[in-house]
Amino acid sequence: MTTPPATLAAQPEAVLPRRRTSRTSAVVGWVMPSATILLMAYFSAATSNFLTFDNLAAVLTQNAAVFIVAAAAAMLLMAGYADLSVGSMMALAGVSAGLAFTEHGVVAGLVVGLLVGLVVGTLNGVLIGVFEMSPIVVTLGGLAAWRALAQYLAPDSVFGFPDAVGDFAIGRFLGLTWIAWIAIVVCVVAVAAMALLPLGRHIQAIGVNARAAFLVGIRVKGTVLGLYAVVGLAVGLAALLQVARLDSAPSGTLGVGFEVTVLTAVLLGGIPFTGGRGSMWRVLVGVWLIAVLKNGLTLLNYGPEVAGMVTGAVLVVAAALEAVAVAARRRG
């Protein structure tokens, strides 16, 4: 892409379509938050310990990694790009951090975990954002390659970490674990960044029309590269939290199905695959809905296979609701 015309520079709002919200579209937009409230009410009535502080705090801790990666993946999908390799990336970052924990200590493990995620995410960004390769092809390749590399580095689970890792995982402040607090801080920063910074408008403008976004002065390639790097860094952080919580790094199972959970949450948030629109707070509600669903089914003694089937069904329902909303917007 060449230099954009000066007369159009610094006008990203010009790329965004004028929003028209029909009554049907507005109703569909409140279906998911309403379903979350109803689901919590049902599990509260059906079980004796669902609506307790300890249980809800545990749900937040167990799903901290999903909250962190979903926040970053939502920004990426708003720009019209996806990353299907986050589960395998988590395995590679977690195993690498685990090996560094056991051999070189806590600081080395933290640095390695974050660095591996950042490097892999940046590599995705260069291939997709700069060289304009297909995001599906590149990240599907990563889905296979990064887990294979993790299993090559450590065929068995890595464990025997320094005591500080386990102490951090169980440490609490105001009743919540440090893991939960980290997820809360990341989500607040993500919501604020999308709402208050020009970055949010630039990302949505790229999702609407990348060529038009470039013509109004938005650095499309650099923004896409940066978004993939942010996703990689978020996965590195999430891998560290998962490894600390499990007190081990199993290369064969760490992050398995993680990309499906993240993608389901992001789509529940109303962000289409084509990008161009979406709401960060609705994505976070989508993560909470899936977390509550799995927790409630577990309390009702349903196995993980039932939770998997229900999650898949929720994804299909979310896609159907999105189709209804899109049709309503077109009718105005």
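The values are calculated or read from the model by the stated rules, or taken from the named source; none is laboratory data. What you see is a predicted model; the values in this text were computed from it and never measured. Heads up, the Cβs are rebuilt from the backbone with ideal geometry, glycines too, and the neighbour counts pull from every protein chain shown. What goes into the accessible areas is simple: the full protein's heavy atoms, side chains included, and nothing from ligands, DNA or RNA. Shrake-Rupley method; radii C 1.70, N 1.55, O 1.52, S 1.80 Å.
Of note:
- Residue-level check: of (1) open to solvent by less than 50 Å² (accessible area, probe 1.4 Å); (2) in a helix (DSSP H, G or I); (3) in contact with a strand residue (DSSP E or B) (Cβ under 9 Å, 6 or more places away or on another chain), GLY222 misses just (3).
- Among the residues listed as ILE182, ILE128, the single one being surrounded by 15 or more Cβ atoms within 10 Å (Cβ to Cβ), among the β-branched types (Val, Ile, Thr) and under 27 Å from THR253 (Cβ atoms): ILE182
- Among the residues making up the stretch 289-311, a single one is small (Gly, Ala, Ser), closer than 17 Å to MET40 by Cα and more than 20 Å from the chain's Cα centre (by Cα): GLY296.
- Every residue from the stretch 34-57 that is touching a residue at least 24 places away in the same chain (Cβ under 8 Å) and in a helix (DSSP H, G or I): ALA35, THR36, LEU39, MET40, TYR42, PHE43, ALA46, PHE53, ASN55, ALA57
- Selected residue [under 21 Å from ALA239 (Cα atoms), open to solvent by less than 20 Å² (accessible area, probe 1.4 Å) and within 14 Å of the chain's Cα centre (by Cα)] from ALA57, ALA82: ALA82
- Residues (in contact with a Ser or Thr (Cβ under 8 Å, 6 or more places away or on another chain), closer than 20 Å to PHE50 by Cα, among the hydrophobic types (A, V, I, L, M, F, W, C) and open to solvent by less than 30 Å² (accessible area, probe 1.4 Å)) located in the stretch 274-321: LEU289, ILE290, VAL292, LEU293, ALA307
- In this entry, ALA169 is excluded by the filter for residues that are of a type outside the set (D, E, K, R), surrounded by 12 or more Cβ atoms within 10 Å (Cβ to Cβ) and free of Cβ contacts under 8 Å to residues at least 24 places away in the same chain.
- Residue within the stretch 99-115 that is aromatic (Phe, Trp, Tyr), touching a Pro at 6+ places or on another chain (Cβ under 8 Å) and surrounded by 17 or more Cβ atoms within 10 Å (Cβ to Cβ) present: yes
- Qualifying positions in the stretch 150-165 - open to solvent by 70 Å² or more (accessible area, probe 1.4 Å) and either assigned to a helix (DSSP H, G or I) or modelled with pLDDT of 95 or more (or both): GLN151, TYR152, LEU153, ASP163
- Residue count for the stretch 234-266, restricted to those that are more than 22 Å from ALA320 (Cβ to Cβ), assigned to a helix (DSSP H, G or I) and open to solvent by 20 Å² or more (accessible area, probe 1.4 Å): 4
- For the stretch 267-279, the criterion of being farther than 30 Å from ASP167 by Cα and among the basic types (Lys, Arg) is met by at least one residue.
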